[in-house]
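Asks: Let me begin by handing over the structure; questions about it come next.
Quick note: the coordinates plus some simple rules give every number you see, no bench work behind them. Here the structure is a predicted model, which is why all the values come from computation and not from measurement. Quick reminder, even Gly has a Cβ in these numbers, built from the backbone with ideal geometry, and neighbours come from all protein chains shown.
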Amino acid sequence: MNGNPSPDWRHLARCRDHDPDLFFHPDGERAESRRRRLAVAQEICATCPVKWECAGFALERGEDFGTWGGMSEADRAVLLHRQDERRNA
């Protein structure tokens, strides 16, 4: 990732051929359904040639929802929290 990825990376994303709902949880989704949906989304992301650009895009924009570059909302929150802890140490 070069710090400011070009939007053109989206054209190479594996998720472009999948239903976007797979990458965003609906309101009221049950925990088991969420785990299954997230596992499928992360499997798609795992082999995506632009997963790092995608994850960086979500982190830079502060995306609160969705799976981006294989990272769930919780994954991004943990990463950002750790970065804050390091800065404040």
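Asks: Check whether at least one residue in the stretch 24-35 is under 19 Å from Arg10 (Cα atoms), touching a Leu at 6+ places or on another chain (Cβ under 9 Å) and surrounded by fewer than 18 Cβ atoms within 10 Å (Cβ to Cβ), and report yes or no.
Replies: no
Asks: Something else: Since Asp19 meets every condition but one in (1) among the acidic types (Asp, Glu); (2) loosely packed, with under 10 Cβ neighbours inside 10 Å; (3) touching a residue at least 24 places away in the same chain (Cβ under 8 Å), which condition does it not meet?
Replies: (3)
Asks: Report, by residue number, each residue of the stretch 38-89 that is crowded, with 18+ Cβ neighbours inside 10 Å and more than 17 Å from Asp17 (Cβ to Cβ).
Replies: Once the filter is applied, which keeps residues that are crowded, with 18+ Cβ neighbours inside 10 Å and more than 17 Å from Asp17 (Cβ to Cβ), the stretch 38-89 yields Leu38, Glu53, Ala55, Gly56, Phe57, Ala58, Met71, Ser72, Arg76.
Asks: Regarding Val50, is this residue closer than 17 Å to His25 by Cβ and among the β-branched types (Val, Ile, Thr)?
Replies: For Val50, the condition - closer than 17 Å to His25 by Cβ and among the β-branched types (Val, Ile, Thr) - is not met.
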